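Notes to accompany the following structure.
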Amino acid sequence: MAASFQRPKNKEELEKSGFIGLWKAQIIAKKIGEGKEKITLESIREIHRVFFSEINPDIAGRFRKDGEDIKKLNNIEPIPGRIVFERMYEFWKEFDISISKISPRFIGSSTKARENWNREVLRIAAWAQYQITVIHPFCDGNGRMARIMTNVVLWRFGIQPSNIKYEGVDKERYLNALQCIDDYQNYKYLEELIAKSVHETYKRVYGVMLKQRDLKNKRKKVHKK
């Protein structure tokens, strides 16, 4: 444990450090996603290390090990800690092959081809999220890490990120989407949730751009006067 670490004293401090950790984790995740280097198991651990370094450095950046088992969560029963690394390695091999099969950027003008390209990216993003959720490789933060990994995939292909926090109706839809994969291996509903969230991100980004443009035009008019 780092000598400078001070464990949060109360819920308020814990939430504050968790927010800061999550914010930093998304920054490093974006850097990894937008980079050209392979996304490796070490990349995933690094995101988690940054996430939890100020919350609980004892578990930050490492996978669960023998004896660190997690009880059944809703309809998910995480695998035993002793086989986490093996399952994560299997996940990474399939993930790496899937990522390498898709062009980093869509090239072409065909609407159908574009839709197919988007669908493939969404498929990998949803699959990666589900695998991390089911394996639960870390002692804590697995849900958020699963959704951060979705954004790592999206960033790799130049797509805006999805929201990593589901609340209210969306949380219920999210859990139902996971259940649909559990029961039928049907990723459709999770893919739709991710697509909806990405669309909302694009709308927010576009809205900010319009406000910046309007502000710039107002400044020009004032300057001319």
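Looking at (1) under 20 Å from residue 74 (Cβ atoms); (2) touching a helix residue (DSSP H, G or I) at 6+ places or on another chain (Cβ under 6 Å), which is the only condition residue 143 fails?
(2)
Answer yes or no: is there a residue in region 113-122 that is over 15 Å from the mean Cα position of the chain (by Cα) and small (Gly, Ala, Ser). Before the answer, list the steps.
Going residue by residue through region 113-122, those that are over 15 Å from the mean Cα position of the chain (by Cα) are 113-120.
Okay, now just the ones that are also small (Gly, Ala, Ser), so 113.
Yes, region 113-122 contains a residue that is over 15 Å from the mean Cα position of the chain (by Cα) and small (Gly, Ala, Ser).
Hey, among 109, 98, which residue is modelled with pLDDT under 95 and either of a type outside the set (Lys, Arg) or not in a helix (DSSP H, G or I) (or both)?
Within the list 109, 98, the selection yields 109.
Could you tell me whether residue 154 is touching a Pro at 6+ places or on another chain (Cβ under 9 Å), under 20 Å from residue 197 (Cβ atoms) and aliphatic (A, V, I, L, M)?
The answer is yes for residue 154.
This table checks each residue for (1) assigned to a helix (DSSP H, G or I); (2) buried (at least 21 other Cβ atoms within 10 Å of the Cβ).
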site	(1), (2)
122	yes, yes
129	yes, yes
153	yes, yes
169	yes, no
175	yes, no
186	no, no
194	yes, yes
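So, in region 6-55, how many residues would count as being among the β-branched types (Val, Ile, Thr), modelled with pLDDT under 95 and part of a helix (DSSP H, G or I)? Steps first, answer last, please.
Taking region 6-55 as the starting set, the residues that turn out to be among the β-branched types (Val, Ile, Thr) are 20, 27-28, 32, 39-40, 44, 47, 50, 55.
Those left that are additionally modelled with pLDDT under 95: 20, 55.
Narrowing the set further to residues that are part of a helix (DSSP H, G or I) leaves 20.
Here the count works out to 1.
Determine which member of the set 186, 176, 163 is modelled with pLDDT under 95, within 30 Å of residue 80 (Cβ to Cβ) and not basic (Lys, Arg). Talk me through it step by step, then tell me what you get.
On the way: 186 fails: modelled with pLDDT under 95; 163 fails: within 30 Å of residue 80 (Cβ to Cβ).
Exactly one residue qualifies, and that residue is 176.
Taking the options 35, 108, 61, 81, name whichever one is out of contact with any helix residue (DSSP H, G or I) (no Cβ under 6 Å at 6 or more places or on another chain), at positive phi and surrounded by fewer than 19 Cβ atoms within 10 Å (Cβ to Cβ).
108
When region 100-116 is examined, which residues are found to be hydrophobic (A, V, I, L, M, F, W, C) and closer than 18 Å to residue 151 by Cβ?
Of the residues in region 100-116, the ones hydrophobic (A, V, I, L, M, F, W, C) are 102, 106-107, 113.
The one that is hydrophobic (A, V, I, L, M, F, W, C) and closer than 18 Å to residue 151 by Cβ: 102.
Give all pairs with beta carbons closer than 9 Å in which a residue from region 196-224 that is closer than 24 Å to residue 155 by Cβ and acidic (Asp, Glu) meets a residue that is in a helix (DSSP H, G or I) and at pLDDT below 90; count only pairs at least 6 apart in sequence or on separate chains.
none
The values are calculated or read from the model by the stated rules, or taken from the named source; none is laboratory data. Quick caveat, the model's predicted, so the values are computed rather than measured. Glycine gets a Cβ as well: all are built from the backbone with ideal geometry, and neighbour counts include every protein chain shown.
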